[in-house]
1. Here is a check on your reading of the model: is ILE136 touching a strand residue (DSSP E or B) at 6+ places or on another chain (Cβ under 6 Å) and touching a residue at least 24 places away in the same chain (Cβ under 8 Å)?
2. Residues to consider are SER150, SER185, SER90, SER109; find the one that is out of contact with any Ser or Thr (no Cβ under 6 Å at 6 or more places or on another chain) and over 30 Å from SER76 (Cβ atoms).
3. For the stretch 148-160, does any single residue satisfy the condition of being within 9 Å of ligand 2 (Cβ to nearest atom) and either closer than 30 Å to LYS234 by Cα or buried (at least 20 other Cβ atoms within 10 Å of the Cβ) (or both)?
4. If we scan the stretch 28-38, do we find a residue that is among the acidic types (Asp, Glu) and assigned to a loop (DSSP other than H, G, I, E, B)?
5. I'd like to verify a number: residues in the stretch 184-204 that are under 27 Å from LYS227 (Cβ atoms) and in a strand (DSSP E or B), how many?
6. From the list LEU86, LEU58, LEU54, LEU50, which one is more than 29 Å from ARG189 (Cβ to Cβ), more than 16 Å from ligand 1 (Cβ to nearest atom), assigned by TED's automatic domain parsing to the domain that holds ASP300 and without any contact (Cβ under 8 Å) to a residue 60 or more places away in the chain?
7. Within the stretch 110-141, how many residues turn out to be more than 17 Å from ASN170 (Cβ to Cβ) and part of a helix (DSSP H, G or I)?
Amino acid sequence: MSQKNNLLGLTCKELQDYLISLDEKPYRGLQIFEWIHNRGVIDFDSMTNLGKDLIGKLNLNSVIKVPEVVNVSTSSEGTKKFLLKLDNDSFIEMVKIPEKKRQTLCISSQAGCALQCTFCATGYHGFKRNLTSAEIISQLWLANYYEDNSERISNVVFMGMGEPLMNTENVLKTIQIMQDQKCYSLSKRRITLSTSGIVPEIEAITGKTDVSLAISLHASNDDLRNKIVPINKKYPIKDLLASSKRYLNSLNSKSHITIEYILINDVNDSIEDASNLVNLLSDLKCKINLIPFNPFPESDYERSTDEKVKAFKDYLIEHNFIATVRVTRGDEIDGACGQLVGKLINPIGSKKLKNKQIAAQNLH
Ligand code: SAH
Ligand code: SF4
């Protein structure tokens, strides 16, 4: 990271305070915030209402810096995967998914992930570091302003690389910028934070933010979840669902929790699993999003067949749940859920291979 303060990651209030610290009026902070996040301008010299002296001072003390776009791959249906290079040679990916009525951006909160879910390419490749708030909000900035004719992003999902609740402070700060009415103005329903279940952090954000919460459950009992989502050993299902319920209660009554459930062939996709899931979620207001497993080269898992996916979904619907199957977008460019690794990273350390072999033994 540059020694200079990167203004991109500051909330409007923090930017105003920063300007005060430079002996300037706070409204200058507001002007800069709007230049950056409302007009897409990150060059101080182009901020025409600031005046030469202030621009000189800013150039001396601070930077506005976004990661370098190293590569953009576009799939046939228009999904775009961006490979971004951070300072210190880490790489992250973000995915832009155009749909009829919305433009969704799937963003990363960490370079890599330490949690090593056995079905996830990101976890498989290990953890590099947390992203700064500037690096997280940069992804939204780039998605909106990198290409001239870009349609503005309407929805953000924290479903790229990393576990957002292992980087809570920076994630919350960026959510504040995303929701700011002076710029992106994304409503709480249009931002989804997906977590594998860091219970104390779910408690910590309760009452502090109101975005939609998605829980990556993937198993209906602790034995299986311990194996495929290892963080479950620390925070078992019962505690996870209790904290999710408390989060939900802090929102308005129309809200629900999204339960994400990957369907992996012969691992968690039987009707018995569906029946256990029904019992487990009977008193949680939720919608269940089924995600057919997206393969990646180092994994032995297989996607459940279409018939099994349908049977699983139908069972949930018959038992009065709202259940949908996530349409896989971007898999031909390795941009689908769980396929993001930051392609230029050297893959597979021997430790990872060992862990993965252990995981595979446990499951088959
Ligand atoms: N760490 C957070 C957010 C990033 S992962 C979490 O785990 O929720 C985003 C979503 O992609 C999660 O639901 C995750 O379980 C899912 N995912 C990971 N690997 C996948 C794969 N190979 N196929 C399908 N979905 C996957
Ligand atoms: Fe990390 Fe989420 Fe992948 Fe698990 S699924 S390894 S928590 S990014």
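The values are calculated or read from the model by the stated rules, or taken from the named source; none is laboratory data. In this text, all values refer to a predicted model and were calculated from it rather than measured experimentally. A quick note on method: Cβ atoms are made from the backbone with ideal geometry, for glycine too, and the neighbour counts reach across all protein chains shown. The accessibility values were calculated without ligands, DNA or RNA, using every heavy atom of the protein model including side chains. Shrake-Rupley method; radii C 1.70, N 1.55, O 1.52, S 1.80 Å.
1. Details: touching a strand residue (DSSP E or B) at 6+ places or on another chain (Cβ under 6 Å): no; touching a residue at least 24 places away in the same chain (Cβ under 8 Å): yes.
When the stated conditions are applied, ILE136 does not pass them.
2. Details: SER150 fails: over 30 Å from SER76 (Cβ atoms); SER90 fails: over 30 Å from SER76 (Cβ atoms); SER109 fails: over 30 Å from SER76 (Cβ atoms).
Checking each option against the conditions leaves just SER185.
3. Restricting attention to the stretch 148-160, the residues satisfying the condition of being within 9 Å of ligand 2 (Cβ to nearest atom) are 159-160.
If we keep only those that are either closer than 30 Å to LYS234 by Cα or buried (at least 20 other Cβ atoms within 10 Å of the Cβ) (or both) as well, we get 159-160.
Yes - at least one qualifying residue is present in the stretch 148-160.
4. Just the residues of the stretch 28-38 that are among the acidic types (Asp, Glu), to begin with: 34.
Right, trim to assigned to a loop (DSSP other than H, G, I, E, B) and you get none.
No, because not a single residue in the stretch 28-38 is among the acidic types (Asp, Glu) and assigned to a loop (DSSP other than H, G, I, E, B).
5. Summing the residues that are under 27 Å from LYS227 (Cβ atoms) and in a strand (DSSP E or B) in the stretch 184-204 gives 4.
6. The unique qualifying residue is LEU86.
7. So the answer is 4.
Every residue, every condition in (1) among the polar types (S, T, N, Q); (2) surrounded by 17 or more Cβ atoms within 10 Å (Cβ to Cβ); (3) at pLDDT below 95; (4) within 15 Å of the chain's Cα centre (by Cα), yes or no:
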| site | (1), (2), (3), (4) |
| --- | --- |
| ILE42 | no, yes, no, no |
| LEU105 | no, yes, no, yes |
| GLY126 | no, yes, yes, no |
| ILE136 | no, yes, no, yes |
